[in-house]
Amino acid sequence: MNDKDKLVNGILGIFLALAIPLLIYAAPHLGQKELISNLDLNLPFWLYLTQFALGLGLAINLAKDFKEWLKPIAPSPRDLLPVCAVAALALFVCLAWVAPRHRVQSDESIFFATAQNMYANQIAGACDEGEFAENGHLNCQKSVHNFKTKGEPFLYVLGIPILGNNLKWVFPLHIFLLLATIFLLYFGVRAWTANNNLAFLTAALFAAQPTTLFQFRSASVEPLYTFLFALSIFLWKWAWDKNTVKHWILFALALAFFAQTRQETIFCLGAFAIPSFFRMYNSQPSTLNSQLNKILYSPFSTFLFVISFFCIPVLLTISYYQGYNFQGGEFNAHGHFFENLKQALNISINTPLEKGLLKNPFLSSFSILTLCGIILLIIFAIKEFRDKNKKAKSSKSKNSQLSTLNSQLPNISILIFFLLYFLQIFMVLENVSGDLTIEINQRYTLIAFPAMAFFCAFAIDKASLFLPKDNRLFFVLASAAILWGNTLRYKESFEANIMYNRNHLTTEESEILKWLEKEPEKKRIFVYSRPWHFIGYGMNSIHYNSLTQQRLRELLQKYNNEVYYVRGLDCWDSQTYHKKAVESRIATVCDRFEQNFPMEPLFATVITNNYRLVIAKLKEGGTGTQLFAPQEVNIELPENAQWLGPPSEHSQDWGDLQIDKSVTGKPMTIAKKRYKKGIGSHANGKLSYNLGDKYQRLTAIIGLDEDEFCSNGIQVKILGDGRLLTDTGKLAQGHEYLLDIPLNGINQLVFEMDGLGEINCDHVDIAVPVIYSK
């Protein structure tokens, strides 16, 4: 290629690289949102396939070169041994203590359903309703946009032909990603800094965090983000040292796919691209007659174009959803960056225990060491900047400073990289709300964890400099062991999945899958408010709104009567809505649906003490089934009896005592039965009656009122003249206690209501209490 062609190609590459994001973002404002919509669904799969094929071809072509580059910087077996120990520890914790289950249900199941649609139909939208043919092909009846990036689903697409379309295999895949991330972080930091202790500590401290281990076990997208970050750091050093067009293109392909993990990731690419520009620019011959020619002749225009072109999928998603309010919470999206940052620091530094378990999946030591490392890096960078000897280095040594194998990376360069990288952290906290009191938002912190691990490692490594050289390795290993020991002491928190077991949808999915595991293998179809949850696991599912009587008859015939209705979270929106909910609940259609279709309930359970999950089998013919319509119970007052009325004395920790109503003022309902007479109180509480030895017997029905489901259970003791007459034991939601006790000789009757540690929703109903005269 002659100089003129190089010049033209350079101009064209930079022009196209800048034009692509500008045109895509502007398209909806120019009346082309429909075009963006079509491209967002139909283009990504083919671009990913091209990107994967090109990257694989380049990797094969450069394999020998990589081997030669790695040889002089490869660690010794002795250096690798501690890293292997850390990887083994992380593997043990994940497999032994952390359940392989989703923790951000809608997000993670969307990736599954998008992968199914990509593989079967090459459509990069989640399949919202669909059925699988006998050959496993997904006939998707409704594809929908989603603001999730599509890189992770494409990875799953690559595995489906080998591992099948029941994507449970994704959970062990993420274990592999965790191990790969640990080693890549180690190799990447070591290649750049020539500091084995710093590299080991970065990998070890990243792996020791509860959030890291939970999220890798949950098949969330943030683990893929950290894996690609570590891979990019490592490939960057190779491209930097070799500095050829092929190396830069391969690195650009990795960066472009890195951008497909989260929308905001595109904003951190500058941290890689800007230093790379100076590396390519400074390596051009000094004989070129202008600075512009040095830019256009360098590989930078090609590098920038490759990044821009293969970022098209995420650019399309950003364009389609621009202006969308991604997140709710106390600090809503846009305009609350400093509030979110302050809150994030407070939650990550102050990690109190709740019933002996970590309240949040953060360790204070990690956050405090991070702050120490940042401060130290700034101090060392300023000192380095002011060092006259380093300022006086020749131009030649400046240009080669970062390209020499095993050279120590200047602190000022590290600081500049992280300052540029911080732009993405800002976009996360600003654009989607970093309100970490919304528990599902806590996964965002994993984006910062590789950087935080480096800062922690930096602080410990600098502290080791005060020791004799022979003792430094021991100090580093001891520090890692202490910090890992701090993690391992929270075994109970890991096994309880700490706050994740309070997530409604993930628990709902877990209960459904547990029920299915006990059922025989059958060809089934589910009717559900979130059909994509089932489709992600290779199961047939449609939405409630799609079912008609005619279609039900067709499905019953097609699936040999194996048609199931799932009443889940969205059927209880008025019961479960919270001001911090990240989405508006869909309109409840379940009551209407149940009125129209007959069904037989098969399985029911209470989810996170908030609502009932029910799985029922749909039938043809008959009348509709009101699954949760309470049965009205009317009890006639027997002769020689009277209703137990208001107590002579009472106390309760919440609300006001109610007669013939629950404590919330609504009809009393216990175990799906509704009562017109009774007493509504609240635990903890006490009701006292002066009977004066006038009565011989008391009957009643005691239980938790079903207006709300968030109680952890209650216990009621009935005492006569200070003596225990009976004890209900623990009463959970849906349980009822049939009280029938003698009162002969009793002057004072007392009901003691115990909330068992928590009083949330401890609405105690004493229904139809009847006392019989002597």
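Each Lys or Arg adds one and each Asp or Glu subtracts one; over the other residues with Cβ under 11 Å from the Cβ of Tyr772, this totals +1.
Is the C-alpha gyration tensor of the range 667-729 telling us rounded, prolate or oblate? Criteria: a/c under 1.5 is rounded; beyond that, a/b larger than b/c is prolate, otherwise oblate. Prolate, since a/c reaches 1.5 and a/b exceeds b/c. Taking the longest Cα principal axis of the chain as reference, the axis of helix 196-207 is set at about 20 degrees. In the range 51-150, the ratio of gyration radius to Kirkwood radius, Rg to Rh, stands at 1.16 when only Cα atoms are counted. Compute the angle between helix 33-42 and the longest alpha-carbon principal axis of the chain, please, reported from 0 to 90 degrees and rounded to the nearest 10. Helix 33-42 sits at roughly 90 degrees to that axis. Of the trypsin sites (Lys or Arg not before Pro) found in the range 117-174, no site is in coil according to DSSP while having at most 16 other Cβ atoms within 10 Å of its Cβ. The trypsin sites (Lys or Arg not before Pro) found in the range 629-731 that occupy coil by DSSP, while having at most 15 further C-beta atoms within 10 Å, are Lys672, Lys676, Lys694. Taking a ≥ b ≥ c as the square roots of the eigenvalues of the alpha-carbon gyration tensor, the chain is classed prolate because a/c is 1.5 or more and a/b outweighs b/c.
Against the main long axis of the alpha-carbon atoms of the chain, helix 504-518 sits at an angle near 80°.
The portion of the accessible surface of the range 135-222 made up by carbon and sulfur, rounded to a whole percent, is 64 (1.4 Å probe; DNA, RNA and ligands excluded). If both residues of a DSSP beta bridge must be in the chain, then about 90% of such bridges are antiparallel. Note that the chain presents 43 Å² accessible area per residue, ligands and nucleic acids not counted, probe 1.4 Å. In the range 402-534, the portion of solvent-accessible area held by carbon and sulfur atoms comes to 63 percent [1.4 Å probe, whole percent, DNA, RNA and ligands not counted]. Within the accessible surface of the range 587-714, defined with a 1.4 Å probe on protein heavy atoms only, the carbon and sulfur portion equals 43 percent.
Checking every one of the trypsin sites (Lys or Arg not before Pro) in the range 351-391 against DSSP loop status and a limit of 13 other Cβ atoms within 10 Å picks out Lys355. Of the beta bridges in the range 613-695, as assigned by DSSP with both residues counted there, near 75 percent are antiparallel.
The values are calculated or read from the model by the stated rules, or taken from the named source; none is laboratory data. These numbers were taken from a predicted model, which means no experiment stands behind them. Counting neighbours? That spans all protein chains shown, and the Cβs are built from the backbone with ideal geometry, glycine included. Accessible surface areas use protein heavy atoms only, side chains included; no ligands, DNA or RNA. Shrake-Rupley method; radii C 1.70, N 1.55, O 1.52, S 1.80 Å.
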